[in-house]
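Chemist: Input: one structure, supplied below.
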Amino acid sequence: MKPEVLIIGGGIQGCSTAYHLAKKGVSVTVLEKDWVSRHASGVNAGGVRLLGRHVAEVPLSKESMLRWHQLDDELDADTGFRSRSLINIAADEADMKTLRDRQQQMHALGHFHEQIIDQQELRERLPQVAEHCVGGVVSEQDGYAIPYQSTNAFRHAAVRLGARFVEGCQVQSLRQVGTSWLVETSQGRFEAGRLLNCAGAWADKISVMIGDNVPMSYSAPMLMITTRMPHFATPVVGAVSRPLSFKQFENGTVLIGGGAKGFADRDNNRTRLDYAKLAAGARNATEFFPIMKTASVNRMWAGLEAYLPDNLPVLGAAINADNAWHAFGFSAHGFQLGPVVGEIMAELITGGDSCFDLSPFRVDRFERKVL
Amino acid sequence: MNSYDIAIIGAGPAGMSAAITASQAGARVVVLDDKPRAGGQIYRNVSVSPLTQPEQLGPDYLRGAELVEAFERCSAEKRYGATVWHVGDNGEVLFSQQEQTHSLTARELMVGCGAMERPFPIPGWHLPGVMSAGSAQVMLKSDALVQDNAVFAGSGPLLYLIVAQYLRLGVKVKALVDTTPKSNYLAAMGQGLGLLSQPAMLVKGLGLLNEIRQAGVPVHRFAQNLEVIGDERVSGLRWLNDKGSEQINCEHLFLHQGVIPNLNMTRSLNLKHHWCEQQLCWKPSLDSWGQSSIASISVAGDSSGIVGADGAERMGRLVALNQLARLGRISLDERDQRARGDQEQLASLNRFRRFIDRLYQPIEQHRIPEKAETVVCRCEERNLGQLRTEFERGARGPNELKMMSRCGMGPCQGRQCGHTVSELLASWRGERVDEVGYYRLRSPMRLLNLTELGRFSRVEPATTNTNASADPVSIQEPSQ
């Protein structure tokens, strides 16, 4: 049977949109070239972060945060979400100035979820933080979830409402004939009236097939996780001007990120790690948290992630084709947005409008203006 | 930056013989091993045994001393206490040594990481007091530690050897519970010709069992459905045989059902692997020179499939000859000529191996657990029932299962559960193990201290004289 909507890509955006479409009674099929949550949506750091968002994203991120706090109930699943607050640490006075400037900007826009904390409060919240850290900024609602479980929670909820997922199904070509999108895949032809591109690190290829050129790049942000350690950090931790990010899970393991990138081999579904950069990340972690000197790294990995030049995603209708939409290019911070993006895309695809200003996310925003 | 010609991971019989052959031909060779000295598991501490009468470990153990000595004399650079935790398909090797991370590159790599014991996932195998027989032997060889009055259970030549080694040292063994089924003896006879190809090894094997019986150790044969008894720790072992259910009390239980290749390095290198029905294990897919699906990476010894110490030594030489030819240091003709003797001996050893493999093939119920409460992943304490639930929720492959259940995510990186999970999923899906696959592995292959990772330096061979065994140049990277 022909579905009304085809979604290309079984990451969190595709799964969330499939769920929201199915909830509206729309028939939807998700085509995933590997398996659901295989890439960035399954292997990211799991940060559910509102703190430090680009101002264009703040309204979406705030709304999504409300969803996260009820998501387990809504999806009847365990996403592993924990609200733990997120603190970005200021290592010096220059960092504090950055924070004050940001706060002024945020207040002017009517956003009050980021609070600057002084050295004493930083120490109360993170007793193991190094002496030299002078303060920071906190967002109370932030936390983390388990990425693979979260993405699959959307998928299973969507399936219960009638959505179909086809895994191991790689799109080879697609074209619009009359009112239909014909999609040729490694598992034969699929057909639907409407099409959504959620193909993550491969989304530029799909975008071109739809007819929209987009200056997307891809990379391989790296992570490492330690064996279980005694509990020492409740909040998720970042740093204002250093590539540091970590969180301690309930089982005691500590996930260390920070944005250092390895080498992406997109054509072979593989990544290679840059160990000298991981070594620098290790030094950073031990410098901010001396207790980490004894930590043992258990695993290191990287995921394939899509980036746009302004580090903002593409969200909205295709420009050069009817009945096609895009949701990709989240530039390593799309996980938290998953719940709200699915809702927005489902609304757009079924002919509605979004209550958010999506103009900063247009796919043609990089087109050169005519002089 | 200067590169080595050949980096050899593991100073066991394969690595030592490869290093001797390659360095004699003038190649710049570095050998890395995480132990304080050469020998590998089989010849562990052969040069400095803590035992007063190491000859009681048997003539084979002492034969290793000769090989170790030749290796120590050769010009290859030896790095002991060097834990390799990453090997890249670009020839990059990262290792920890003296609380530092070092990086080197080599044109050719040889992986010789040996074998590990096959997991024995029966009810209660995770309880304190239950260990693998191999770890009993490690304690014996490294620290001269033994457990009195222990029960040994399982099957395979190594099990009998360890029991015999215990007895020779005057340690009391409470019982041997042998799980080799009657049907295996019949099936192995079908490989009779293989048996005759290595008569000396056959005599050796029978001799061990005789030795155990003559020492008065009760031997319970044809045991099936092993179950460890105990709540907090082991209190006994229960099994079934023709007569019904039997059990024995014990405070220490050593389990063993053969060895399998240590896969973590070849898997994290993403080499092509296949499931071997003869040995019921994953093996890297290699050509007759041990060359893997990545031409510059070769595998020898038990890492390539169980070949034993003698086979490993010969394979190591073959790998070295092929790599010397690839490096242009010898001609293909010379390689082929010098390889002939080892190739013939290996073929003969392989015929005998088929017989041994068939005779001691571990039974299905001890490889593929049946009871929901049987622990599969010891690190994350995941049992069969939990895995089955996730399988039914759609986790069809090892990686989906791992991400859903955390099975295989712990510090052992799936060493203990990888084979069990592959076979379990194959039986649940009704497909071949090859179709199911294995965990996608990543570095580090061992736990890695964060401070050590932060101290990152590069290692190069000495440049002046290719035969020199001088100290390598070590350059400290500027800190970032």
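The values are calculated or read from the model by the stated rules, or taken from the named source; none is laboratory data. Nothing here was measured: the structure is a model prediction, and the numbers come from that model. Please note: Cβ atoms are built from the backbone with ideal geometry, for glycine as well, and neighbour counts cover all protein chains shown.
Chemist: Quick check on the range A:317-331. Is at least one of its residues closer than 14 Å to A:M222 by Cα, away from chain B (no Cβ under 14 Å) and part of a loop (DSSP other than H, G, I, E, B)?
Modeler: For the range A:317-331, residues closer than 14 Å to A:M222 by Cα, away from chain B (no Cβ under 14 Å) and part of a loop (DSSP other than H, G, I, E, B): present.
Chemist: Taking the range B:241-259 as the search range and keeping residues that are free of Cβ contacts under 8 Å to residues at least 24 places away in the same chain and not in a loop (DSSP other than H, G, I, E, B), which one is farthest from the chain's Cα centre (by Cα)?
Modeler: Residue satisfying both the conditions and the ranking: B:G244.
Chemist: Has the range B:123-134 got any residue that is surrounded by fewer than 17 Cβ atoms within 10 Å (Cβ to Cβ) and either in a loop (DSSP other than H, G, I, E, B) or within 14 Å of chain A (Cβ to nearest Cβ) (or both)?
Modeler: So far as the range B:123-134 goes, yes, one or more of its residues are surrounded by fewer than 17 Cβ atoms within 10 Å (Cβ to Cβ) and either in a loop (DSSP other than H, G, I, E, B) or within 14 Å of chain A (Cβ to nearest Cβ) (or both).
Chemist: Answer with yes or no whether A:S37 is within 17 Å of the chain's Cα centre (by Cα), buried (at least 23 other Cβ atoms within 10 Å of the Cβ), touching a residue at least 40 places away in the same chain (Cβ under 8 Å) and in a loop (DSSP other than H, G, I, E, B).
Modeler: Yes: the conditions hold for A:S37.
Chemist: Right, next: Those residues that are out of contact with any helix residue (DSSP H, G or I) (no Cβ under 9 Å at 6 or more places or on another chain) and not in a loop (DSSP other than H, G, I, E, B), I need them from the range A:101-117; list them, please.
Modeler: A:D101, A:R102, A:Q103, A:Q104, A:Q105, A:H107, A:A108
Chemist: Can you confirm whether B:G88 is in contact (Cβ under 8 Å) with a residue 60 or more places away in the chain and within 20 Å of the chain's Cα centre (by Cα)?
Modeler: Against the criterion (in contact (Cβ under 8 Å) with a residue 60 or more places away in the chain and within 20 Å of the chain's Cα centre (by Cα)), B:G88 does not qualify.
Matching residues to (1) more than 22 Å from B:E92 (Cα to Cα); (2) surrounded by fewer than 24 Cβ atoms within 10 Å (Cβ to Cβ); (3) touching a residue at least 60 places away in the same chain (Cβ under 8 Å):
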| residue | (1), (2), (3) |
| --- | --- |
| A:S219 | no, yes, yes |
| A:V237 | yes, no, yes |
| A:R242 | yes, yes, yes |
| A:F249 | yes, yes, yes |
| A:L255 | yes, yes, yes |
| A:G259 | yes, yes, yes |
| A:N268 | no, yes, no |
| A:A285 | yes, no, no |
| A:R299 | no, yes, yes |
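Chemist: Which one is farthest from the other protein chains (Cβ to nearest Cβ) among residues in the range A:24-47 that are hydrophobic (A, V, I, L, M, F, W, C) and closer than 24 Å to A:L161 by Cβ?
Modeler: A:V26
Chemist: I've got another one for you. Taking the range B:379-413 only, how many residues are of a type outside the set (A, V, I, L, M, F, W, C), away from every other protein chain (no Cβ under 14 Å) and touching a residue at least 40 places away in the same chain (Cβ under 8 Å)?
Modeler: Qualifying residue count for the region: 1.
Chemist: Right, another one. If B:M110 satisfies all but one of (1) modelled with pLDDT of 95 or more; (2) touching a Ser or Thr at 6+ places or on another chain (Cβ under 6 Å); (3) within 14 Å of another protein chain (Cβ to nearest Cβ), what's the number of the condition it fails?
Modeler: Result: B:M110 passes all but (3).
Chemist: Write out, first by first residue and then by second, each pair whose Cβ atoms fall under 7 Å of each other, whose residues are 6+ apart or on separate chains, and whose first residue, in the range A:116-132, is under 22 Å from A:A295 (Cα atoms) while the second is among the aromatic types (F, W, Y) and surrounded by 16 or more Cβ atoms within 10 Å (Cβ to Cβ).
Modeler: Pairs that qualify, where the first residue is under 22 Å from A:A295 (Cα atoms) and the partner is among the aromatic types (F, W, Y) and surrounded by 16 or more Cβ atoms within 10 Å (Cβ to Cβ), are A:Q128/A:F289; A:V129/A:F288; A:V129/A:F289; A:A130/A:F288; A:A130/A:F289.
Chemist: Just one of A:I116, A:I89 is in contact with a strand residue (DSSP E or B) (Cβ under 7 Å, 6 or more places away or on another chain), among the aliphatic types (A, V, I, L, M), surrounded by 18 or more Cβ atoms within 10 Å (Cβ to Cβ) and within 29 Å of A:Q70 (Cα to Cα); which is it?
Modeler: A:I89
Chemist: Of the conditions (1) more than 26 Å from A:S219 (Cβ to Cβ); (2) touching an Asp or Glu at 6+ places or on another chain (Cβ under 8 Å); (3) hydrophobic (A, V, I, L, M, F, W, C), A:L50 fails just one. Which one is it?
Modeler: The failed condition is (1).
Chemist: Output the residues belonging to the range A:301-311 that are buried (at least 20 other Cβ atoms within 10 Å of the Cβ) and more than 12 Å from chain B (Cβ to nearest Cβ).
Modeler: A:L304, A:E305, A:A306, A:Y307, A:L308
Chemist: Could you tell me which of the residues A:A280, A:A276 is among the small types (G, A, S), surrounded by fewer than 22 Cβ atoms within 10 Å (Cβ to Cβ) and free of Cβ contacts under 8 Å to residues at least 12 places away in the same chain?
Modeler: From the options A:A280, A:A276, the qualifying one is A:A276.
Chemist: Of the numbered conditions (1) surrounded by fewer than 16 Cβ atoms within 10 Å (Cβ to Cβ); (2) among the polar types (S, T, N, Q); (3) without any contact (Cβ under 8 Å) to a residue 40 or more places away in the chain, B:S427 fails exactly one; give the number of that condition.
Modeler: Condition (3) is where B:S427 drops out.
Chemist: Considering the range B:182-204 alone, what residues qualify as being crowded, with 18+ Cβ neighbours inside 10 Å and modelled with pLDDT of 70 or more?
Modeler: B:N184, B:A188, B:Q191
Chemist: So is B:Q345 surrounded by fewer than 19 Cβ atoms within 10 Å (Cβ to Cβ) and either more than 14 Å from chain A (Cβ to nearest Cβ) or among the basic types (K, R) (or both) or not?
Modeler: Answer is yes for this residue.
Chemist: Kindly establish whether B:R238 is in a strand (DSSP E or B), in contact (Cβ under 8 Å) with a residue 12 or more places away in the chain and under 25 Å from B:Q361 (Cβ atoms).
Modeler: For B:R238, the condition - in a strand (DSSP E or B), in contact (Cβ under 8 Å) with a residue 12 or more places away in the chain and under 25 Å from B:Q361 (Cβ atoms) - is met.
Chemist: For residues that are in a helix (DSSP H, G or I) and either more than 20 Å from A:A280 (Cα to Cα) or more than 10 Å from chain A (Cβ to nearest Cβ) (or both), tally how many sit in the range B:430-464.
Modeler: Qualifying residue count, the range B:430-464: 4.
Chemist: Okay, moving on. Are any residues in the range A:271-299 outside any helix (DSSP H, G or I) and either over 19 Å from the mean Cα position of the chain (by Cα) or within 28 Å of A:R125 (Cβ to Cβ) (or both), and if so, which ones?
Modeler: Once the filter is applied, which keeps residues that are outside any helix (DSSP H, G or I) and either over 19 Å from the mean Cα position of the chain (by Cα) or within 28 Å of A:R125 (Cβ to Cβ) (or both), the range A:271-299 yields A:R272, A:L273, A:D274, A:F289, A:A295, A:S296, A:V297, A:N298, A:R299.
Chemist: Would you mind finding the one in B:R382, B:R393, B:R415, B:R378 that is touching a helix residue (DSSP H, G or I) at 6+ places or on another chain (Cβ under 9 Å) and either among the aromatic types (F, W, Y) or surrounded by fewer than 19 Cβ atoms within 10 Å (Cβ to Cβ) (or both)?
Modeler: B:R393
Chemist: Okay, next question. Kindly list the number of the only condition in (1) out of contact with any helix residue (DSSP H, G or I) (no Cβ under 8 Å at 6 or more places or on another chain); (2) crowded, with 21+ Cβ neighbours inside 10 Å; (3) closer than 27 Å to B:G91 by Cα; (4) not acidic (D, E) that fails for A:F289.
Modeler: (3)
Chemist: Would you say B:G244 is buried (at least 16 other Cβ atoms within 10 Å of the Cβ) and among the small types (G, A, S)?
Modeler: no
Chemist: Sort through A:G259, A:G252 and tell me the only one that's modelled with pLDDT under 90, on the phi > 0 side of the Ramachandran plot and more than 8 Å from chain B (Cβ to nearest Cβ).
Modeler: Going through A:G259, A:G252 in turn, the sole match is A:G259.
Chemist: Restricting attention to the range A:134-170, which residues are among the hydrophobic types (A, V, I, L, M, F, W, C) and in contact with a Leu (Cβ under 6 Å, 6 or more places away or on another chain)?
Modeler: A:V137, A:A153, A:A157, A:V166, A:C169
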